[in-house]
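Read the structure below first, then the notes.
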Amino acid sequence: METKEGNLITAVNALRTSLSEELGEGEGFVETFRAFRKSMTLYGCAIREIRTKFEVLNDELALTGSRNPIKNIYSRVKSPESIFGKMKRKGIPFTIENMEMVLNDIAGVRVVCQYIDDIYTVAAMLGGQDDIAVVSIKDYIKNPKPNGYRSFHMIVEVPVFFSEEKNIVRVEVQIRTIAMDFWATLEHGLKYKHQIANEKEIVEELKYCSEKAYDLDVRMQSLKDQIYGKNHSLEKQ
């Protein structure tokens, strides 16, 4: 069984390998390597800040007896390989500055809710906090992607405090229902399978499934409204 120290060494070595392949081992590599590690640490800390905010809101709602709209919270930091690949596809040379300015989804938090109206409640709760700056919003629920993808996306900035400095870090927050998350998770796995003989039919079937999943969300929302009344996300049961 690997130890925590062993896992850390493995991760650092993998990071060094990825950076050396991207930048070479020439002058300035060590400085870039250290700066990249610091950036990855900041992104990880920013995720913990956002997760904590959602968890505290959950605790508050449970304390007051209100229905809790959040079911699950997931998070991840993009791998170095994914970061370098995305910048190459965009045709942008890799520097720490370019990475932090161009890529808004290096740190990602995904929140899964029960109902459609919970999504907007959760988004408002996060965006209303005075240390959170909302950079952009994309509502793929009201305006789904052509493939059927639905979710509510926010790019936010959150402060991360080190011992002697304050850093503003961007995090992508995706908020969706259980049905939307189910569809997106399966679609994400299927679309990376290569050499699909009947790709057009598969794409059409996936979009059909997305519509059915959304119909289910709408019906469940209607049932909830009939039983508890509208705007029940923050009402006491």
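Computed quantities for the displayed model
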| item | result |
| --- | --- |
| Considering residues of the range 100-155 that are of a type in the set (S, T, N, Q) and not in a helix (DSSP H, G or I) only, the residue surrounded by the fewest Cβ atoms within 10 Å (Cβ to Cβ) | Asn143 |
| Some residue of the range 168-176 being in a helix (DSSP H, G or I) and either modelled with pLDDT of 95 or more or closer than 19 Å to Cys113 by Cβ (or both) | no |
| Residue count, the range 157-167 (criterion: part of a strand (DSSP E or B) and either over 15 Å from the mean Cα position of the chain (by Cα) or among the polar types (S, T, N, Q) (or both)) | 5 |
| Near pairs, Cβ below 8 angstrom, 6+ apart or cross-chain, from the range 97-109 (polar (S, T, N, Q)) to any residue that is at pLDDT 95 or above | Asn104/Val135; Asn104/Ser136; Asn104/Ile155; Asn104/Arg170; Asn104/Glu172 |
| Cβ pairs under 6 Å, 6+ apart, first in the range 79-94 and closer than 17 Å to Ser39 by Cα, second assigned to a helix (DSSP H, G or I) and of a type in the set (S, T, N, Q) | Pro80/Ser18; Glu81/Ser18 |
| Qualifying position, being surrounded by 13 or more Cβ atoms within 10 Å (Cβ to Cβ), of a type in the set (Ser, Thr, Tyr) and modelled with pLDDT under 90, among Ser210, Ser233 | Ser233 |
| Extreme residue, nearest to Lys224 (Cα to Cα), among residues of the range 165-181 that are loosely packed, with under 15 Cβ neighbours inside 10 Å and not β-branched (Val, Ile, Thr) | Lys166 |
| Residue within the range 143-156 that is among the polar types (S, T, N, Q) and under 14 Å from the mean Cα position of the chain (by Cα) present | yes |
| Scope the range 64-99; condition part of a loop (DSSP other than H, G, I, E, B) and farther than 30 Å from Ile116 by Cβ; matching residues | Ser79, Gly91, Ile92, Pro93, Phe94, Thr95 |
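Conditions tested, residue by residue: (1) in contact with an Asp or Glu (Cβ under 9 Å, 6 or more places away or on another chain); (2) more than 21 Å from Trp183 (Cα to Cα); (3) among the polar types (S, T, N, Q).
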{"position": "Gln129", "(1), (2), (3)": "no, yes, yes"}
{"position": "Ile132", "(1), (2), (3)": "yes, yes, no"}
{"position": "Asn147", "(1), (2), (3)": "yes, no, yes"}
{"position": "Ser151", "(1), (2), (3)": "yes, no, yes"}
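The values are calculated or read from the model by the stated rules, or taken from the named source; none is laboratory data. All figures in this text were calculated on a predicted structure; none of them were measured in a lab. Counting neighbours? That spans all protein chains shown, and the Cβs are built from the backbone with ideal geometry, glycine included.
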